[in-house]
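The values are calculated or read from the model by the stated rules, or taken from the named source; none is laboratory data. All values derive from a computational prediction rather than experimental measurement. No Cβ is skipped: glycine too gets one built from the backbone with ideal geometry, and neighbour counts run over all protein chains shown.
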Amino acid sequence: MKNALQQAEFDMDGYQVSIHPAALSSELETDWRALQTRVNPHVFLDWLWISTWLESYAPDARVLRIKQAGELKAVGVFGLTSESRHGLLQSTVALLHQTGVHHKDQIWIEYNGLLATEGHEDSALAAAIKVLQQHCEEIRLSMLPKQLAIGLNEHLTHTHSEYEVQGFKTCLATLKNTQTSVIESLSANTRHQLRRSLRRYEQAYGPHQLTAATSADEALVFFEDAGPWHKSRWPDSGFSNPAFLKFHKILIKRGFDHGTVQLFRLSFGERLVGVFYFLISGRQVYFYLQGVRREADGKLKPGLTGHWLLMQHFLEQDMDVYDFMGGESQYKQQLSNVQNSFVTMRVHNGALKFRVEDRLRQLKHRLLGS
């Protein structure tokens, strides 16, 4: 598989698809940045994220460039691996912007896809997948926007949706247009919880202070501050994973001065209660992670309160979207006004072993009534 994919060119569905080994290079950077200026992508397809991923992990991967009439329409990077499941089934797999190694994929890419010009998002990706299917048995696509997954299903056969994740965001532009504050846009119950939390915190510890990191070095300190609280909340936290920490330290160092990375501390008086990490692209704010203090008083809500104050901050900074991204949490449901979905899917090459697996999976779902 890997030798066959060192370097090649193919015609597929009206596109010219070229494959080259993936490595940081001036040529790849030039192509990516040039296309990025035409696309205005989500932050996970920004050259900052992609180049940091390539530098941090040096994955065994291939760059696919998809052209039409000689013009670059899309580009993406597929990691290559082998895997087994059910104790029997062996498979060679290409993964879009992932390595196939769990501790290296814990950086949680979302809004995945090719970096593609408008109108080519699903068709160019489908062409790339058809080319890869000539050399890899399966292609895994993690956390695609649901609409992209739907489009792919129209171009491809032998697709299987592994799971779907709910996403949440708040359209700050709507609040701007109606001259509505964040708290005015929320339910009566949420407004009550927030005002009570803020009042109790300030009565106990002093006025609130939202502090933005002012340098990359300070942002790294904030990031480290979030670690213990994040690990106490999530047993498999990325803060316990050296590969995760390596990636984010590089990302913060590179991205801070460009405004792509922002970190904040929330304090009441001298009491630090939370750290919040954001990625920024244009007028879109992506909430990446937080570390918040566990309070004995359940009416003190550091996460909910912090997001309210930060949403208002970004509203006043003229941002358009505050994106909580994937994963269901009560606070996301309380604070968001838009829902979206992400789909993780596989596409196989139609081999008998995969068709048998598909049939067994269908039978299981039928028996379980799902």
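General remarks:
- Helices (runs of 4 or more DSSP H) contained in region 300-370 and holding at least 2 residues of a type outside the set (Phe, Trp, Tyr) and in contact with a helix residue (DSSP H, G or I) (Cβ under 9 Å, 6 or more places away or on another chain): 302-316, 330-335
- Hits in region 243-262 - residues which are free of Cβ contacts under 8 Å to residues at least 40 places away in the same chain and closer than 13 Å to residue 106 by Cα: 245
- Evaluation of residue 356 against (1) surrounded by fewer than 18 Cβ atoms within 10 Å (Cβ to Cβ); (2) in the same structural domain as residue 192 (by the TED database) (one fails), failing number: (2)
- Close Cβ contacts (under 6 Å, 6 or more residues apart or on different chains) running from residues in region 162-178 that are farther than 29 Å from residue 142 by Cα to residues that are hydroxyl-bearing (Ser, Thr, Tyr) comprise 175/185.
- Of all residues in region 163-185, those that are surrounded by fewer than 20 Cβ atoms within 10 Å (Cβ to Cβ) and under 17 Å from the mean Cα position of the chain (by Cα) total 4.
- Any hit, region 122-133, residues being in contact with a strand residue (DSSP E or B) (Cβ under 8 Å, 6 or more places away or on another chain) and among the acidic types (Asp, Glu): no
- Residue within region 209-224 that is buried (at least 17 other Cβ atoms within 10 Å of the Cβ), at negative phi and part of a strand (DSSP E or B) present: no
- Test: residue in region 246-264 that is surrounded by fewer than 19 Cβ atoms within 10 Å (Cβ to Cβ), farther than 22 Å from residue 324 by Cα and touching a Phe, Trp or Tyr at 6+ places or on another chain (Cβ under 7 Å): no
- Among the strands (runs of 3 or more DSSP E) confined to region 52-137, the ones with at least 2 residues that are hydroxyl-bearing (Ser, Thr, Tyr) and surrounded by fewer than 20 Cβ atoms within 10 Å (Cβ to Cβ) are located at 71-85.
- Of everything in region 1-19 that is touching a strand residue (DSSP E or B) at 6+ places or on another chain (Cβ under 8 Å) and at pLDDT below 95, the residue that is surrounded by the most Cβ atoms within 10 Å (Cβ to Cβ) is 5.
- The one condition from (1) closer than 16 Å to residue 200 by Cα; (2) of a type in the set (Lys, Arg); (3) surrounded by fewer than 21 Cβ atoms within 10 Å (Cβ to Cβ) that residue 301 does not meet is (3).
- Test result for residue 92, outside the structural domain of residue 254 (by the TED database) and under 28 Å from residue 250 (Cβ atoms): no
- Residue check for residue 163: on the phi < 0 side of the Ramachandran plot and of a type in the set (Phe, Trp, Tyr): yes
- Filter result for residue 319 (touching a His at 6+ places or on another chain (Cβ under 7 Å) and modelled with pLDDT of 95 or more): no
- Options 347, 292, 275; residue that is within 20 Å of residue 111 (Cβ to Cβ), of a type outside the set (Phe, Trp, Tyr) and within 22 Å of the chain's Cα centre (by Cα): 347
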